[in-house]
Amino acid sequence: MKVAATEMGKRTKGNPTWELVKCPKQMGNKECGVYGMKFMKHLMEDPLVLTKSKLKELGEAATYKDEELNDIRLELVEYILDFINHGE
C-alpha cells in the first residue's frame, strides 16, 4: 500500500481502513468462477455508482438467481467461441 501510494505521489497517513466485503453465497461447489465473474462485473458496471454502495447492495443479496448466473455463462461462452473463431 505504501509503495503504491508513494509511486503515485501521495503520502500515506497510518494504516489503511479495511472494509468487510460480503457477497451473495454460492449454493453449490461448482459455480465459484461464475460467482466471481458476476461479482466483479457488478462492481465494474455503472462507474458513476460508488463501489461502497455496490458492496452494500451485494452484501444484502442472499444468493444470485439462476437467470443472473446464466447471463454470465452466456457471455463467457460467446467470448470463448469468438476467440476460437477469430483466434484473437
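Bear in mind that the values in this text are calculations on the coordinates, not laboratory data. The shown structure was predicted, so the numbers you read here are calculated from the model rather than taken from an experiment. Glycine also receives a Cβ, built like all others from the backbone with ideal geometry; neighbour counts cover every protein chain displayed.
Details
- When you work out D = kT/(6 pi eta Rh) for region 2-86 at 20 °C and 1.002 mPa s, using the Kirkwood radius from C-alpha pairs as Rh and the Stokes-Einstein form, the result is 138 µm²/s.
- Environment charge of Lys56, counting only residues whose C-beta is closer than 11 Å and scoring Lys/Arg +1, Asp/Glu -1: 0
- Each stretch of four or more DSSP H residues adds -39500 (n - 2.57); spread over every residue of the chain, this sum gives -18000 deg cm²/dmol at 222 nm.
- Based on C-alpha pairs under 8 angstrom that are at least 6 apart in sequence, the chain has a relative contact order of 33 percent.
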